[in-house]
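The values are calculated or read from the model by the stated rules, or taken from the named source; none is laboratory data. The shown structure was predicted, so the numbers you read here are calculated from the model rather than taken from an experiment. Note that each Cβ is placed from the backbone with ideal geometry, even for glycine, and that neighbours are counted across all protein chains shown. SASA here: full protein model, heavy atoms, side chains in, ligands and nucleic acids out. Shrake-Rupley method; radii C 1.70, N 1.55, O 1.52, S 1.80 Å.
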Amino acid sequence: MSRGVLTLSLILLWSAVSFPAWAAAPPTIPDAEVSLAHSLAAYRQTVRSGGPGKDGIPAIDRPHLESVAEADTWLEPGDRVIGLYRDGEARAYPQRILVWHEIVNDVVAGEPLSVTYCPLTGSALGFRRGDSTFGVSGRLVNSNLVMYDRATDSEWPQLLGVAISGPLAGRGLNAERLIWTTWGAWKARHPETRVLSRDTGYVRNYRRDPYGGYNPVSGYYRRDSRPLFPVMARDDRLSPKAMVLAFRDAGSAAAIRLPALREAGVLTLTLDERPYVILHDPELDTGWVYRNPEGRTIDHASLTFGPEGVRGPGIDALEPISAFQVMWFAWVAFQPGSMLIGEGEAP
Amino acid sequence: MIALARLLVALFSRPATLAILLGVAFGYALLFLWLAGDIAGGGQGGLHLAFPAWERAFESRGVLRFEPVGLIELGPWVWTFSPLDTLIALGIGLLLGSNLAGLWLVRQAPVACTIRAPSVGGLAALPALLAGGACCAPLVVIWLGLPIAGSLAVLAPWLIPLSCLALLVGLARLAAHYGHRASRPSGGGR
């Protein structure tokens, strides 16, 4: 009897201690909906130190924002920004700031979101974070940023969006579409956008990117330069740092070279007998990916691109899929055997 | 210990050795801070100073790497100034300067002194130059595009202590040699 009371007391005590953390855990999707090319154990074995310690690269937890006019004093039109639009609110996160911080824990249109950027893999992905925040673990998988959530301390490789260790291991985050584009293109599409300010609370040289530059492309970001860290899988169909538009859906994965998408305007493909359509956005120079269950034919000339994304005949019958731009070597390290559209090495 | 003190007194009391010591110390410190990423380009001319984050002076951002507290712009250069990073850079620089100045001093010994001076030299200071850098790799490795960052990251915590230890050992050997030479009768042979 007394042993039962003791056990019950311990369970209640454990619940009381851990409940606040679990209550604040980021919202996730169930394990069954997450499909991975490698086992969680394989990812865990591949994790390695990137050099800095936990939070050695400080996430921005209290972002300050500024106007387009203020940002114009220090951003060039060709500078890279990571754009986010949600329910009437637009944000631009300059790559020059994110290269030093990698994560911004923001609230956009009432939704707590983490905007994440990994300079080593050139990938920007957004995630819903609930009441939690994400930090930089200082560790890498396939050169990719491993985040941790501060509610449960689970570890999440950014390109997977799935926890590989900790209490949430195997669960996936809800992705939020980000746009990798230029400052000039973003402010033309969203003239009222707010911009992440250099007033981050930390002292960094925001005029300099330690890896090279995107305006013009140089240093580590050159298409033919080599990755710095070991990867789980290699694929020589493209140069290592060639940027692709990538998406995965129900266990299948595809990557599209932007030159091929630019030229075609509309691309269609089938993955595991499911049809998809990819639309080129000529102003932001990115792609919008949709499931196309009815096999609709989309005429690119009939489309318009505005703050909300793509509009036009047939679009309402499509189901949007989150996609992102990423360096080829990192994508195939996580998704070996990925379909590739546009293998030709056009610039 | 006495031998080391005697060597240091000798280094600081002679203008030539003092010049070598301080020149090497400041030169190395600047090189260290540049390769660590604390000093870089991006300045827009003139001199601008701002120190908005003194409260972060002791915040660590890696092993023996600390948060900058201010920004110093001088001409084309920008220095994200961390007091502790700067102290570490100067500390290693002084050790290296003492080694090189000490080596120069004992090499000035009379030809009759047959014991060779230990030549640890500047190599011991090299590992520390790989300790800093961009978030995930030393700048030299990034510039050269070498796929060895994974191996270096494992060693990173040990690079600065390794340099300091090697330089201290070198200095101790030089001090012993200097003490031995000083204790021999002038012009003494075998």
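Ordering A:Q95, A:N105, A:I57 by the projection of their Cα atoms onto the charge dipole of the range A:52-105, which places +1 on the Cβ of Lys and Arg and -1 on the Cβ of Asp and Glu, puts A:I57 at the extreme positive end.
Measuring r between the beta carbons of B:I148 and A:S218 and using R0 = 25 Å, the FRET efficiency lands at 0.75. Ranked from largest to smallest solvent-accessible area, with a 1.4 Å probe on the protein heavy atoms, A:S218, B:S82 come out as A:S218, B:S82. Taking all Cα pairs closer than 8 Å and separated by 6 or more residues, the relative contact order of the range B:2-183 comes to 27 percent.
Let a ≥ b ≥ c be the square roots of the eigenvalues of the Cα gyration tensor of the range A:278-347; is it rounded (a/c under 1.5), or, if not, prolate (a/b larger than b/c) or oblate? Since a/c reaches 1.5 and a/b is larger than b/c, the shape of the range A:278-347 is classed as prolate. Please check which bits of the range A:49-88 a label hung off B:S60 would reach, taking the label as a point 7 Å along Cα-to-C-beta and the cut-off as backbone N under 16 Å. The answer is A:49-58.
Simple point charges give the picture: +1 on the Cβ of Lys and Arg, -1 on the Cβ of Asp and Glu, and for the protein assembly as shown a dipole about the Cα centre of about 2980 debye.
In this simple spin-label model, placing a label point 7 Å from the Cα along the Cα-to-Cβ direction at both A:A42 and B:A16 gives a separation of 6.6 nm. Computed from label points 7 Å out along Cα-Cβ, the spacing between A:S67 and B:V140 is 4.9 nm. Comparing A:G287, A:G135, A:G166 in a Gaussian network model of chain A (Cα springs below 10 Å), the most mobile by mean-square fluctuation is A:G166. Taking every C-alpha pair closer than 8 Å and separated by at least 6 residues, the mean separation divided by the residue count of chain A gives a relative contact order of 19 percent.
When chain A is treated as a GNM with alpha-carbon contacts under 10 Å, the residue of A:T270, A:T182, A:T152 showing the greatest mean-square fluctuation is A:T270. Based on alpha-carbon centroids, what's the gap between the range A:188-248 and the range B:40-58 in Å, whole number please? Centre-to-centre distance over Cα atoms comes out at 25 Å.
Averaged over peptide B:57-65, the number of partner chain Cβ atoms lying within 10 Å of each residue's Cβ comes to 4. In the range A:114-249, taking the dipole from charged Cβ atoms about the Cα centre, the farthest positive-side position among A:A175, A:S132, A:S218 is held by A:S218. Plugging the Kirkwood radius over Cα pairs into Stokes-Einstein for the protein assembly as shown, at a temperature of 37 °C and a viscosity of 0.692 mPa s, what D comes out in µm²/s? It comes out at roughly 126 µm²/s. Projected onto its three principal axes, the C-alpha set of the range A:28-196 covers 48, 32, 27 Å, listed from the longest axis down.
Each stretch of four or more DSSP H residues adds -39500 (n - 2.57); spread over every residue of chain A, this sum gives -5000 deg cm²/dmol at 222 nm. As an equivalent ellipsoid, the range A:210-300 spans semi-axes of 28, 18, 9 angstrom, where each value is the square root of five times an eigenvalue of the C-alpha gyration tensor, largest first.
Interface size, chains B and A: roughly 2300 Å² of accessible area buried, both sides included, 1.4 Å probe, rounded to the nearest 100.
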